[in-house]
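Some notes on the structure that comes next.
The values are calculated or read from the model by the stated rules, or taken from the named source; none is laboratory data. Keep in mind that what you see is a predicted model, and the values were worked out from it rather than measured. Cβ placement follows ideal geometry from the backbone for every residue including glycine, while neighbour counts extend to all protein chains displayed.
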Amino acid sequence: MIGDGTKGMQSQSLALAKSIGLKYKLIEVKPFWLSRIFPSLLAGRFSIPLSNNDKILLSYDSRVILTCGARMAGISIGLKRFFKKKYNNLFNIHIQNPKLLIRNFDLLVIPEHDNISGDKIILSRGSLHEINERSLKKFHEKIPSKKLKNLKNHIVVLVGGSTKNQLITENRANDFIHEIKRIHKLFECKIVVLPSRRTPDIIINKLKDINVDDFEVVEGLNEFENPYPGIMFNSKLILVTTDSINMLSEATNSGKPVVVFDLLTPGIKKNRYISNLIYEKKITYSFNIKSSEINLKPNITYENECDRIGKVIKEKLKNFKITS
């Protein structure tokens, strides 16, 4: 697996590597700008660097590489070219739409809401992750805090934040805080709020200013040792903001009822994904909840999208005579 330190992307690669059954090693590098901007033309050619540390990239005798996100596409393409010169067959798998010619990759795993299809494309429902009803118990067992571990019948609030294209306004932040207070009053149970790295200070400060009993903000979470899936284990409801498909995917695979809130206006693709989940009655907007008697269909499953896709890829690797 190769990443640039972006935890959300790397966690998808990690989840897929585990589902395939690969013996994996995570390599973190920064893509070289020419190979990143002109991957099809320049990556792996003319002695142009692929990253800030090609020495470590080229030191592994890999047979399969996993990358995620458009920024990493050039490294995937360049490494395949490099190993081809050595007459080694390198199978490159890329997660998310690289917005490049499909022939540059052996397999692409792309969200179905991107509306792309092809022989080398496997469509995913949302993002890739390790969450299912069974795995929540394992995450719960790893929670270091006894207080968090003993939580029961609480509501978990997963909070995203601003993106490169949209910033959260103070008015919207105020609406969100008001909605959390309403939900708290409606259900009369403990609220545990889990901000992400993208959550702006304006929201975190407003959350901390909520002066009610049974309300807690848990900060400083490390994504690769993140306790929040375990905190969902004994919860009665999950409230998640719609700016993160990762969080939406994980919440809807938890086996818990899920309600959502728009911190930002969803774009076309994200709105399509959200609309499908609403149509299937897997989520609803929090403002539709008028009483503590909720009528949502939890997605109870022991196999998530990553498990399904991992099995498909494992069979394809067998056909290409590449083993882990």
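General remarks:
Residue-wise test of (1) at pLDDT 90 or above; (2) under 23 Å from the mean Cα position of the chain (by Cα); (3) closer than 25 Å to residue 10 by Cβ.
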residue	(1), (2), (3)
117	no, yes, no
123	yes, yes, yes
131	no, yes, yes
135	no, yes, yes
152	yes, no, no
155	yes, yes, no
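- Being among the charged types (D, E, K, R), in contact (Cβ under 8 Å) with a residue 40 or more places away in the chain and over 21 Å from residue 1 (Cβ atoms) holds for only one residue in 134, 103, and it is 134.
- Within the stretch 256-294, the set of residues being hydrophobic (A, V, I, L, M, F, W, C) and either under 24 Å from residue 124 (Cβ atoms) or crowded, with 19+ Cβ neighbours inside 10 Å (or both) comprises 258, 259, 260, 261, 263, 264, 268, 274, 277, 278, 283, 289.
- Qualifying residue in the stretch 162-176 (condition: without any contact (Cβ under 8 Å) to a residue 60 or more places away in the chain, within 28 Å of residue 6 (Cβ to Cβ), in contact with a strand residue (DSSP E or B) (Cβ under 6 Å, 6 or more places away or on another chain) and not aliphatic (A, V, I, L, M)): no
- Search result, residues across the stretch 236-245 that are outside any helix (DSSP H, G or I) and surrounded by fewer than 22 Cβ atoms within 10 Å (Cβ to Cβ): 236
- Here residue 143 passes the criteria (1) on the phi > 0 side of the Ramachandran plot; (2) in contact with a helix residue (DSSP H, G or I) (Cβ under 7 Å, 6 or more places away or on another chain) except the one numbered (1).
- Residue 124 in contact (Cβ under 8 Å) with a residue 60 or more places away in the chain and either at positive phi or in the same structural domain as residue 257 (by TED's automatic domain parsing) (or both): no
- Scan of the stretch 177-224 for residues that are among the polar types (S, T, N, Q) and either in contact with a strand residue (DSSP E or B) (Cβ under 7 Å, 6 or more places away or on another chain) or at positive phi (or both), ordered by number: 196, 199
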